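The next block holds one structure in the form of structure tokens; read it before the comments.
Values quoted throughout were computed directly from the atomic coordinates according to the rules given, and no laboratory measurement underlies them. Quantities reported herein were computed from a predicted structural model and do not represent experimental measurements. We place every Cβ from the backbone using ideal geometry, glycine too, and count neighbours over all the protein chains shown.
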Amino acid sequence: MPKKSKQEKKGLFNKVLIRVLAVAIVAGCVMIIYSTEKECAGKERELNSIKAKIEEYEVENADLQQIVESDDLSVYIERIAVEERDYAYPDERRFYDTSRD
């Protein structure tokens, strides 16, 4: 009889160990799935941001293509000079409000 009790204890220990191991594996899988889903959502947001930038660049590219095809670059050059470089014509007067500074 003593041999049976040792075998039962050994069998009980193995069952508990297997259950603990199974729970640990399931918990690990759940954590991996959660982190993968979180990373996927972040990549989805990044993709949407990139798609929005692509659309903006496509609109800008279409405008520039239209200007280049029109063979009249003077309008484009004038727009860039006035808007981005803040140039003015020789006879043009510009007034700036310096009281807000």
Checklist entry - Relative to the longest principal axis of the chain, what angle (0 to 90°, nearest 10) does the C-alpha long axis of helix 73-83 take? => result 70
Checklist entry - What GluC sites (Glu not before Pro) does region 31-87 have in DSSP loop regions with at most 14 other beta carbons within 10 Å? => result 84
Next on the checklist: Using only Cα atoms and rounding to the nearest 10 degrees, what angle (0 to 90) does helix 2-69 make with the longest principal axis of the chain?
Outcome noted: 10
Checklist entry - Which of 94, 19 comes first, and how do the rest follow, when ranked by fewest Cβ neighbours within 10 Å? => result 94, 19
Checklist entry - Not counting the cut sites, what is the longest span of the chain without chymotrypsin sites (Phe, Trp or Tyr not before Pro) that DSSP labels loop and that have at most 10 other Cβ atoms within 10 Å? => result 1-94
Checklist outcome for this item: By the C-alpha gyration tensor axes a ≥ b ≥ c (rounded if a/c is under 1.5, else prolate when a/b exceeds b/c, else oblate), the shape of region 16-79 is prolate
